[in-house]
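Everything below concerns the one structure shown next.
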Amino acid sequence: MAASKLTENVTHEILALLAGAPEVGNLEKALRLVCKWRAQLLLNTLKAKEDHARVLSGPFKGMEYNVASTEGSGVARLIGCYEVSLNPIIEDIIARSAQITQFKGGRHTC
């Protein structure tokens, strides 16, 4: 199977970092790149499997989420466990609300 463009780019960056004399800083940068690559790979796989970017569980289940995230939190957001400790609070607010505000095209609607 051919490597993706993402994999090719990260591989080249890591090889360039590690080409010189051994340095802790370069190794740390290379490891950080590998972590970011893995997080993006998982996110891409999840989006491809679901054929969209919708939250799978929690109070935001079904919400379309096409926002770029940082440091690997995209997968947690899409599966619905990002800041899961807030879910009971959010669900309580939703249950108490007479109106639910939705975001549509950048505008609030009630």
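Rule-based calculations on the coordinates, nothing more; no lab input. The structure displayed is predicted, hence computed values, not measured ones.
At 0.36 nm per residue, minus the direct Cα-Cα distance, what do L46 and H12 gain on full extension? Give it in nm, one decimal, please. Don't skip to the end; give the middle numbers.
Working: separation 34, 0.36 × 34 = 12.24 nm, distance 2.48 nm.
Result: 9.8 nm gained on full extension.
List the residues whose amide H sits under 5 Å from the amide H of R54, counting only those 5 or more places along or on another chain, with H placed 1.01 Å from N in the peptide plane.
Those lying under 5 Å, H to H, from R54 are Y65.
In nm, what is the difference between 0.36 nm times the number of residues separating R38 and E64 and their Cα-Cα distance? Walk me through the numbers before you get to the answer.
Numbers: separation 26, 0.36 × 26 = 9.36 nm, distance 2.25 nm.
Full-extension gain reported as 7.1 nm.
Can you tell me, using C-alpha contacts under 8 Å and at least 6 residues apart, the relative contact order of the stretch 1-72 as a whole percent?
After rounding, I find 22 percent.
Would you please classify the overall shape of the stretch 1-95 from the alpha carbon gyration tensor, given that a ≥ b ≥ c denote the square roots of the eigenvalues, rounded means a/c under 1.5, and beyond that prolate means a/b larger than b/c while oblate covers the rest?
Details: a/c = 4.89, a/b = 2.07, b/c = 2.36.
Judged from the Cα gyration tensor, the stretch 1-95 comes out oblate (a/c at least 1.5, b/c at or above a/b).
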